[in-house]
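Reviewing the structure listed below.
Throughout, read-outs are computed from the coordinates displayed, never taken from laboratory work. On a predicted model such as this, the values are computed, not experimentally measured, just so you know. Note that each Cβ is placed from the backbone with ideal geometry, even for glycine, and that neighbours are counted across all protein chains shown.
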Amino acid sequence: MATRKLCIGLTGRMASGKGEVARILQGSGFSYISLSDIVRREAARAGGAVSRARMQDIGNRLRAEGGAGVLGRMVREAVEAAAGRHWVIDGIRNPAEVLELRRIAGFFLVGIECSVSTILARMKARGRASDAVAEQELRAALDREWGLGEPAGGQQVGPTLALADFSIDNNGTLAELREHLAGVLEKIGAGHE
């Protein structure tokens, strides 16, 4: 009996815990791929400083040029061509990307929910250079990523979260996040193949 390919896509605001969920899944044998890696490669190719706003701009440009689902299509094609059977797909920020990724048999979208106040506290605590900006700038970046003032083909995390097959509340501890993720994996049937 052939084992099915299982792809867990992650969406949610920046610093909501998507990266932590991805690390947990990688530790369980999932291969990792991110839509943001495509944007980072394009930013590196173009040269210049890489900031959160520039990454958002480049992602929006790629979507404007190739269609709103272009990043999802590129990742879908990479996953379909790869030998791995379990994948975690990070950085899904537009509903059109979800439509592309749903073409993969065994794809589930998991939304990571987290309050803005918790996100801001985590961003300040994690000490990344890209997070070391004024709270007003962080709130503006969160609003933009959510979809406020963005074109339909731009950053649209709010509408993308609405498409999630499962949602995980990540306003608590790491242990609680692991417990919530285990519950989602149980519902999906991961590990029972």
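Within 11 Å, Cβ to Cβ, of Leu174, how many net charges do the neighbouring residues add up to if Lys/Arg are +1 and Asp/Glu are -1? Here the count lands on -1. Lys/Arg Cβ at +1, Asp/Glu Cβ at -1, dipole of segment 6-182 taken about the Cα centre: which of Cys114, Gly147, Met14 is farthest positive-ward? Of the options given, the answer is Met14.
Please give me the summed charge of the neighbours of Leu25: other residues whose Cβ is under 12 Å from its Cβ, Lys and Arg +1, Asp and Glu -1. Each step should come with its number before you reach the end.
Details: positive: Lys18, Arg23, Arg178; negative: Glu20, Asp90.
Around Leu25, the charge tally is +1.
Using only side-chain charges placed at the Cβ, +1 for Lys and Arg and -1 for Asp and Glu, the dipole size of the chain relative to its Cα centre rounds to 400 debye. Shape call for segment 135-175 from the C-alpha gyration tensor, a ≥ b ≥ c root eigenvalues: rounded (a/c under 1.5), prolate (a/b greater than b/c) or oblate? Verdict is oblate for segment 135-175. From most to least packed by mean Cβ count within 10 Å, the peptides 7-14, 175-182, 71-78 give 7-14, 71-78, 175-182. Note on Ala82 and Lys187: their simple-model spin labels are 2.5 nm apart, each label 7 Å out from Cα toward Cβ. In summary, the lysines within cross-link reach of Lys187, defined as a Cα separation below 28 angstrom excluding same-chain residues under 8 places away, comprise Lys5, Lys18. When a/c is below 1.5 the answer is rounded, else prolate if a/b is larger than b/c, else oblate, so apply that to the chain with a ≥ b ≥ c taken from the square roots of the Cα gyration tensor eigenvalues. Taking the square roots of the gyration eigenvalues as a ≥ b ≥ c, the chain is oblate. Across the chain, the relative contact order, built from alpha-carbon pairs under 8 Å that are at least six residues apart, equals 33 percent.
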